[in-house]
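Just so you know, all these numbers are worked out from the coordinates, no wet-lab data involved. Everything numeric in this text was worked out from a predicted model, so none of it was measured. FYI the Cβ positions are ideal-geometry reconstructions off the backbone, even for glycines, and counts take in every protein chain you see.
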Amino acid sequence: MNILTKLSSSLTVAIAGVLVLLLASPAHAQRTYTVTDLGAVAGAILTNPTDINNRGEAAVTSILSFRRPRPRFGFVSQDGKMTLLPALGGQFTFAFAISDSGVVAGSATLAGDRITHAAIWDGDFTQATDLGTLGGSTSAALWLNNGRQVVGDSALANETDFHAFLWDRGVMTDLGALGGSFSFAFAINDGGLIVGQSDTTTDIDPVFGLPTFHGFIWDRGVLSDVGEIFGGRFNYTQSVNNRGDIVGAADLAGDQTGHAFMLRHGSLIDLGTVPGDTNSAALAVNNRGQVVGLSALAFGDPSFGPPVNNFQCPCHAAIWEDGKAFDLNTLIPAGSGWQLGNALGINDHGQIVGSGLFNNEFRAFLLTPQNGGSSASVQTTANASPAAAPLAASGGSAGAVRISIGTGHPRIIIER
């Protein structure tokens with residue numbers, strides 16, 4: 001597996017039919033959640049939400065196959081309605097983030113569906129705007145703020161290196177790298193503070209088979225390395241709120257396990273794991289300081305990369321608040337049919353989106369907090385059919401299940 005595959009700007013997920021069993025532990029909080037199925041494109045083998053805005057609109061993508069041309073369809077889900085996003089002359093789209101005014105950032109294919117460009121969709125989602133590239137053929141938008149500033153990554157003119165970019169009012173700026181060839185911008189807050197990940201060298205680590213990578217902070221033109229965080233060699237900064245709280249994940253010393261962390265006012269906070277787990281990753285933080293992500297065991301095979309990037313299922317969608325980590329599976333009704341694998345986004349009202357299994361099928365969920373601790377409910381959304389004919393998912397048995405984090409987003413991988 002080469003470096004570009006491990007640090008690719010697109011999600012690559014290999015899935016066969018499998019049942020992921022998620023562990024449960026006693027709940028430690030009074031709050032419970034309703035569970036809503038965000039819907040899926042007909043024929044999808046995986047549906048993944050990555051963001052939810054304060055109007056309750058979620059950015060979601062269904063993936064139909066991992067064979068070329070890798071059909072995937074981005075859509076906006078709200079109140080049981082799915083709105084598909086149009087592409088840039090091709091068929092396929094990926095929705096990554098949605099602002100409070102409803103602007104969506106992601107990627108879309110050009111005619112022929114072989115080239116993907118960063119794109120945004122305004123208002124009624126009827127037309128995509130091509131954001132261009134940094135000189136190469138492909139790019140992807142991974143986040144945006146409420147000022148329509150967009151961040152992501154793009155191929156450079158040599159078609160080998162990928163760099164993080166900031167797109168602002170029609171101009172795409174290369175944010176550079178931390179000494180290596182790859183960088184990815186994962187998030188930007190309303191003040192223009194950007195966080196992401198970059199390799200710090202072109203030298204290949206002999207144990208993990210890829211260069212050392214660190215999280216970065218970009219502030220007013222200055223790209224800064226966050227360093228080794230907990231003493232391990234690998235980490236990333238994943239999300240930032242408008243208060244400047246930064247969250248991500250970092251290997252502990254020795255690179256055997258990794259923990260979610262928060263950087264707040266210059267202080268480092270180890271967020272820890274759900275009891276019984278060894279690894280965790282913080283994937284989103286809202287403006288109230290609530291953090292969501294996942295907690296699990298380390299995958300344990302260094303050939304697949306450092307532990308900060310690999311998790312062995314059962315995985316637990318997690319929330320960190322009041323100084324504790326909670327397994328979200330313990331805060332939904334027993335017998336709901338849901339097994340929540342990861343939490344990927346949280347808005348300022350505490351609504352959470354993520355992915356897991358619903359009746360043994362990979363689906364996207366929305367959790368809505370119930371303040372009184374009353375019984376939670378389960379809701380469903382109907383499937384939508386894309387313009388293109390769906391491709392069938394391949395079957396087969398799996399020997400192990402792991403979650404790998406590539407360019408800041410979890411991907412479910414089945415090992416035979």
Potential extension, His265-Leu110 segment - 0.36 nm per residue separation minus Cα distance: 51.5 nm
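Could you please rank Arg31, Arg114, Arg220, placing first whichever residue has the fewest other Cβ atoms within 10 Å of its Cβ?
Values: Arg31 16, Arg114 12, Arg220 7.
Arranged by neighbour count, lowest to highest, Arg31, Arg114, Arg220 become Arg220, Arg114, Arg31.
Report the extension gain between Asp322 and Thr160 in nm, rounded to one decimal, defined as 0.36 nm multiplied by the number of residues separating them, less their alpha carbon distance. Numbers along the way, then the final one.
On the way: separation 162, 0.36 × 162 = 58.32 nm, distance 4.40 nm.
Result: 53.9 nm gained on full extension.
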Hey, fewest Cβ within 10 Å first, where do Ile246, Ile188 land in order? Ile246, Ile188
Each label point is 7 Å from the Cα along the Cα-to-Cβ direction; what then is the distance between the points at Arg55 and Arg31, in nm? 2.4 nm
Interchain or long-range residues, amide H under 5 Å from Leu88's placed H: Thr109
Along the range 283-300, Karplus-curve 3J(HN,Hα) (6.51, -1.76, 1.60; θ = phi - 60°) to the nearest Hz, with x for Gly and Pro, reads 10, 7, 9, 9, 6, 8, x, 6, 10, 10, x, 9, 9, 6, 8, 5, 5, x
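Fewest Cβ neighbours within 10 Å first, please rank Ser280, Ser295, Ser65 accordingly.
Numbers: Ser280 28, Ser295 32, Ser65 18.
By the 10 Å Cβ count, ascending, the order reads Ser65, Ser280, Ser295.
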Trp167 long-range amide H proximity, modeled H, under 5 Å: Val150, Val151, Thr173
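Taking the range 232-353 on its own, what percent of its Cα-Cα pair distances exceed 26 Å?
Working: 1197 of 7381 pairs.
Taking all Cα-Cα pairs of the range 232-353, the fraction more than 26 Å apart is 16 percent.
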How many percent of the alpha carbon pairs in the range 211-257 exceed a separation of 16 Å? 40 percent
Pair Lys81, Asp174: separation of 7 Å Cα→Cβ label points (nm): 4.3 nm
Using a 7 Å offset from the Cα along the Cα-to-Cβ direction at both Thr201 and Arg243, what is the distance between the two label points in nm, to one decimal? 3.7 nm
Please identify which residues in the range 261-281 have an amide N closer than 19 Å to a label point set 7 Å out from the Cα of Arg220, following the Cα→Cβ vector. 265-266
